[in-house]
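The values are calculated or read from the model by the stated rules, or taken from the named source; none is laboratory data. As the structure is a computational prediction, the values presented were derived from the model and not from experiment. Cβ placement follows ideal geometry from the backbone for every residue including glycine, while neighbour counts extend to all protein chains displayed. Surface accessibility is based on the protein's heavy atoms, side chains included, excluding ligands, DNA and RNA. Shrake-Rupley method; radii C 1.70, N 1.55, O 1.52, S 1.80 Å.
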Amino acid sequence: MAGIIESSPAYQNFSRYDIRVIIKFSVILRKDASCIHKDLVTVLGKNAPSIQTVRKWVKAVSEGRGDMEDEPRPGRPVTACGDANISKVLVSLSDDRRKSCEEISTGTSMSRTSVFRVLTNKLNNKKKFSKWVPHLLTGEQKESRVNFSRNFLRGFQTE
């Protein structure tokens, strides 16, 4: 049974929240931290939390903590990828798609890394042939590529 659990990729995608709920459930079953950690390592392998983390959550649950979400941390929230900055980058790109991150950052008063993050993570663009292009294809574009490839393959097979 253990081999089946370890080899299945479905068991490798637990979020922090999922793991904490498992720890909470195990504490309710009166398991100790080392037993819970051993079970997590059996299922998650290298993705399992450390024994110290398990002990921390066992203690928190035992003391009555019910919420398994992360507590808010002090500090400035990340605002670089907000809607206003995304709009600034889109406007800058609409003028010229060949602009570099540095050129866009100069025009938008954003850092180069923030511009790059917006372009790649939020807008899903890639730099190809010195031009920022959307990386997603529409269904029509995909169909067109499939048809072209089939015609090309047919022509190759007949010759």
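Fully extended, how many nm does the chain gain between Gln157 and Asp95 (0.36 nm per residue separation, minus their Cα-Cα distance)?
Gain on extension, Gln157 to Asp95, equals 17.9 nm.
Can you figure out the FRET efficiency of Leu29 with Asn121, using R₀ = 30 Å and their beta-carbon distance, to the nearest 0.05?
After rounding, the FRET efficiency stands at 0.15.
Go ahead and run the numbers for FRET between Ser87 and Asp18, Cβ-Cβ distance against an R0 of 41 Å, rounding to 0.05.
Using R0 = 41 Å, I get an efficiency of 0.70.
What figure, in Å² to the nearest 10, do you get for the accessible area of Arg98 with a 1.4 Å probe and non-protein molecules left out?
140 Å²
Treat each spin label as a single point 7 Å out from the Cα along the C-beta direction, and report the Leu136 to Arg150 distance in nm.
According to this spin-label approximation, the distance is 2.5 nm.
Give me D for segment 43-114 in µm² s⁻¹, whole number, from Stokes-Einstein with Rh from the Kirkwood sum over alpha-carbon pairs, 4 °C and 1.567 mPa s.
For these conditions, the coefficient is 79 µm²/s.
Let me check I've understood the local charge: for Lys24, count other residues with C-beta under 15 angstrom from its C-beta, Lys and Arg +1, Asp and Glu -1. What total comes out?
Details: positive: Arg16, Arg20, Arg30, Lys31, Arg55, Lys56, Lys59, Arg65; negative: Asp18, Asp32, Asp39, Glu63, Asp67, Glu69, Asp70.
Around Lys24, the surrounding residues sum to +1.
Of the accessible area of segment 85-159, with the probe set at 1.4 angstrom, what percent is carbon plus sulfur?
53 percent
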